[in-house]
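Enquirer: Encoded as structure tokens, here's the structure I'll be asking about.
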Amino acid sequence: MSDETIMEQGRVEFEAPREKRPRGRPPKVALDQGGDGSAVFMDEARAETIIRRVGGYLAAGVRPARILAECESGILAQELERLLSELELESGEPHPHWWKRFGAERHLGALEKWADEEDAVVAHIQEPYAETTVFRRVYGLLRGAHRAGTLIAVTGLYGIGKSFAARQYVLDRPRGPNEPGAVLFEFTPAAKGDNGVLDAILAALDPHSPVKGTTTAKLDRILSLLKPGDFLIADECGIPADRGTGLRFMAYINDHAGIPIAMIGNPTFRNAVWGKHKDLDALANRTIHHALGGNDAEDVDAFMGWRGLSGRAWKEALTNVARSPGRSGGLRGVVLLLDELSRLEVERTPDSFNALAKSYGRVAL
């Protein structure tokens with residue numbers, strides 16, 4: 001995801017990470033093993049916690065196919081879908097002990113391990129991310145739209161942290177098979193026209209089923225899947241906005257389903273909807289548009305505090321890149337350069353950072 005990469009901000013290896021989890025997500029429960037390491041105790045509360053954790057990642061954009069490939073128990077697609085809905089594995093029907101019948105405990109243990117490993121990727125000794133001005137504003141705009149049921153758009157320069165804030169919001173309030181919440185999806189480069197928009201929404205709402213049918217059938221299915229309390233967050237909206245008028249369905253869905261929708265995009269999205277495409281005038285008129293600038297000095301300060309950097313030289317160097325226009329700027333550009341210094345095994349100093357930025361054409365120094 002384009003902006004998501006920015007604020008994962010230098011994943012680090014460390015020993016014994018402390019328990020520091022995003023707001024609203026259920027706590028991890030460690031495996032309870034017998035003396036030989038083979039027995040895994042499972043009860044309903046623990047099973048539900050595992051399902052919420054995995055469901056949170058699905059709502060944030062992880063595809064089921066990836067979980068199937070990485071889960072060590074060899075769980076099948078139908079089994080994963082049934083467990084996430086808290087149904088008995090064999091019959092697919094509700095059962096008071098769904099979590100311990102027909103091998104469910106083994107799959108749940110493997111899913112818990114998968115979630116632990118996924119958490120470890122983004123866990124840090126320090127805060128897991130820097131709460132910049134952009135982060136707080138985007139998170140707050142999403143929270144307000146979710147409560148009010150409105151249709152909003154958030155636009156801003158590349159790499160400033162819009163997508164990362166959206167992902168954190170979804171992880172805090174994920175939509176599950178049996179409970180409402182937020183779901184995040186990203187338009188791919190292939191998204192085009194009406195079907196490109198509807199296909200992306202359907203894949204997010206019902207990731208276990210194939211996307212098929214006429215445009216009308218897809219729209220009807222979307223409306224039937226949505227429930228009060230749901231929240232659709234669409235990222236990379238500049239792609240479909242520049243390649244058709246499919247985003248008009250966002251206003252239709254917001255109106256007929258009564259659920260909030262947030263559209264996130266870069267300058268391409270802003271220019272398409274509030275500029276050259278007259279066919280999207282109705283969407284522009286019905287959308288509350290929040291136009292952000294780039295990363296500011298406060299963002300850079302928050303980032304430096306998070307990364308343990310200090311001094312005027314560092315601030316000037318990072319600010320030059322963070323405020324650079326175009327796709328190479330923003331804090332994402334800063335992170336990429338810092339990571340490249342580490343990859344090249346070059347000492348991290350303001351001078352080495354500036355030299356690398358200049359050689360990569362990130363800034364004119």
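Each reported figure results from applying straightforward, stated rules to the coordinates on display, with no laboratory input. Computed from a predicted model, the values in this text were never measured in an experiment. Neighbour counts are summed over all protein chains in view; Cβ atoms, including those assigned to glycine, are modelled from backbone coordinates with ideal geometry.
Enquirer: Arrange the following residues from fewest to most other Cβ atoms within 10 Å of their Cβ: W114, W314. If you can, show how the numbers build up before the last one.
Expert: Numbers: W114 22, W314 17.
Fewest-to-most ranking of W114, W314: W314, W114.
Enquirer: Work out the FRET efficiency for T216 and F102 from their Cβ-Cβ distance, taking R0 = 41 Å, and round it to the nearest 0.05. Write out the running numbers ahead of the final one.
Expert: Working: r = 39 Å, r/R0 = 0.94.
Once rounded, the FRET efficiency stands at 0.60.
Enquirer: Work through the residues other than E48 whose Cβ is under 13 Å from its Cβ and net out their charges, Lys, Arg +1 and Asp, Glu -1.
Expert: Numbers: positive: R46, R52, R53, K100; negative: D43, E44, E86, E112, E179.
Taking every other residue near E48 into account, the sum is -1.
Enquirer: Around F231, with a cut-off of 10 angstrom between Cβ atoms, what is the net charge of the other residues, counting Lys and Arg +1 and Asp and Glu -1? Numbers along the way, then the final one.
Expert: Values: positive: R143, R147, R173, R175; negative: D230.
My count for the surroundings of F231 gives +3.
Enquirer: Would you please give the FRET efficiency between A65 and E179, computed as 1/(1 + (r/R0)^6) with r the Cβ-Cβ distance and R0 = 30 Å, to the nearest 0.05?
Expert: On the way: r = 23 Å, r/R0 = 0.78.
Plugging the Cβ-Cβ distance into 1/(1 + (r/R0)^6) gives 0.80.
Enquirer: Further, regarding this structure: For P180, what charge total do you get from the other residues with a beta carbon under 12 Å from its beta carbon, if Lys and Arg give +1 and Asp and Glu give -1?
Expert: Numbers: positive: R173, R175, K227; negative: E179, D230.
Charge balance near P180 sits at +1.
Enquirer: In segment 84-238, how many lysine pairs have Cα atoms under 25 Å apart, counting only pairs 8 or more places apart or on different chains? Show your work: numbers first, answer last.
Expert: Numbers: K100/K113; K162/K192; K192/K212; K192/K218; K212/K227; K218/K227.
Number of lysine pairs found: 6.
Enquirer: A further question on this structure: I'd like the FRET efficiency for L225 and R143, computed as 1/(1 + (r/R0)^6) with the beta carbon distance as r and R0 of 22 Å, rounded to 0.05. Display every interim value, and only then the final one.
Expert: On the way: r = 23 Å, r/R0 = 1.04.
According to the calculation, E is roughly 0.45.
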